[in-house]
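First comes the structure, then the notes that go with it.
The values are calculated or read from the model by the stated rules, or taken from the named source; none is laboratory data. Everything numeric here is computed off the predicted structure, so don't read it as measured data. Positions of Cβ are generated from backbone atoms using ideal geometry, with glycine treated the same way; all protein chains shown enter the neighbour counts. SASA here: full protein model, heavy atoms, side chains in, ligands and nucleic acids out. Shrake-Rupley method; radii C 1.70, N 1.55, O 1.52, S 1.80 Å.
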Amino acid sequence: MGVPVVNALVRAGHEVVILQRPGSTRPLRRTGVEIVTGEVTDEAALAVGMWGCDAVVHLVGIIRELPRRGVTMQRMHVDATRAVLAAARQAGISRVVHMSALGARPDAVSAYHRTKWAAEEAVRASGLRHTIFRPSVIFGRGGPGPEFVGQLADLVRFAPVVPVIGDGSFPLQPVAVETVAGAIAQAVVSPRDAAYELGGPEVLTYLDILRRIAVALGRPLRTVRVPVGVMRALVPILQRFPSFPLTQDQLTMLLEGNVCMDPDAAYRDFDLAPVPFTVILPG
Ligand SMILES: NC(=O)c1ccc[n+]([C@@H]2O[C@H](COP(=O)([O-])OP(=O)(O)OC[C@H]3O[C@@H](n4cnc5c(N)ncnc54)[C@H](OP(=O)(O)O)[C@@H]3O)[C@@H](O)[C@H]2O)c1
């Protein structure tokens, strides 16, 4: 979701410097934006990118590990955050806006949530003025990739039947990409330290989301229920194939549900409009 965040920052009148990893193909070139190329753990690139900046927005996150390439949650969430915080302090930056995730906690079953928590702890201990955001699942154009709704839309469109895990009743609170980007753009000048959950105005089950996608596509929804036990047995094996759309961590997090305890705080402290879940189809 780098592109919507950059757009929101530029709209708010900020000059933006992006640290873009080598080989990234995101369409970030636009007026008012400078691009520095480098890995997120590259001290020299971080120093160049942060020079003269007032605040840093840290968005890097992964949902799927590629251990053979050194892409692990420990490295991309915890080590990368520590590198960004150290570089920010070195550059005299006083404020960090950090992207965590709803459900981040120290005793989580998923490595995703545990490492997101460890990264939050590093932010809180950094001595920098900070805002932490914990979004539920993000939807919308130009938003996350690989995008949850887009993946489900492909299933509804192309699969003969759509697998539903268990009874599909686990609740989610989808939040619009523009809400998340708007919150980040305002937080870069916020005077307080805080952590906010970010959710949309509706709590929807996985099955509700599938139904809305089917309606938007004008297709019948043909589902097959896959018992949770079967998914728990299959996913660890199938997640080795990059084209398989679900990892063990994602399965765990879906089954836990992903709903805000305090959905109103961010809407109280920032100028944000709650955006109901909408299915935006390519084109
Ligand atoms: N999507 C959601 O529903 C959701 C919900 C809660 C929290 N979040 C968090 O929000 C943040 C943005 O996520 P997103 O969903 O928008 O995903 P995304 O589009 O894939 O963005 C992830 C960011 O991490 C960077 N990144 C990924 N792998 C990397 C690697 N190996 N080395 C360096 N950088 C790497 C990406 O760089 P490129 O642009 O070059 O690919 C991108 O800037 C993440 O921290 C994620 O955990 C997302």
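Odds and ends about this structure:
- Accessible solvent surface per residue of region 134-283, calculated while the other protein chains remain in place, 1.4 angstrom probe, Å²: 48 Å²
- Our note on the geometry: Cα centres of region 25-74 and region 221-283, 25 Å apart.
- Low-density loop cleavage sites - GluC sites (Glu not before Pro) in region 88-192, where at most 12 other Cβ are within 10 Å (DSSP): none
- Accessible surface of the chain, 1.4 Å probe, proportion on carbon and sulfur as whole %: 55 percent
- Beta bridges per DSSP, both residues in the chain: antiparallel share near 10 percent.
- Spacing of the modelled spin labels on residue 217 and residue 264, each 7 Å from Cα toward Cβ, amounts to 3.8 nm.
- For residue 270, net neighbour charge (Lys/Arg +1, Asp/Glu -1) across residues whose Cβ lies under 13 Å away: -3
- Note on residue 63/residue 33: beta-carbon distance plugged into 1/(1 + (r/R0)^6) with R0 of 30 Å gives a FRET efficiency of 0.70.
- Mean-position separation - Cα centroids, region 153-211 and region 101-140, in angstrom: 16 Å
- Charge tally in the Cβ shell below 13 Å around residue 171, where Lys, Arg are +1 and Asp, Glu are -1, residue 171 excluded: -4
- The length gained by stretching the chain between residue 94 and residue 228 to full extension, at 0.36 nm per residue less their Cα-Cα distance, is 43.6 nm.
- Acute angle (nearest 10 degrees) that the helix 206-217 long axis makes with the longest principal axis of the chain, alpha-carbon atoms: 90 degrees
- Unit Cα scatterers, Debye sum, the chain: log10 I(q)/I(0) for q = 0.14 Å⁻¹: -1.06
- In the context of the full protein assembly, residue 223 retains an accessible surface of approximately 60 Å², using a probe radius of 1.4 Å and ignoring ligands and nucleic acids.
- Taking the Cα centre of the chain as origin and assigning +1 to Lys and Arg Cβ atoms and -1 to Asp and Glu Cβ atoms, the resulting dipole is close to 720 debye.
- Beta bridges by DSSP in region 130-238, antiparallel share as percent, to the nearest 5: 15 percent
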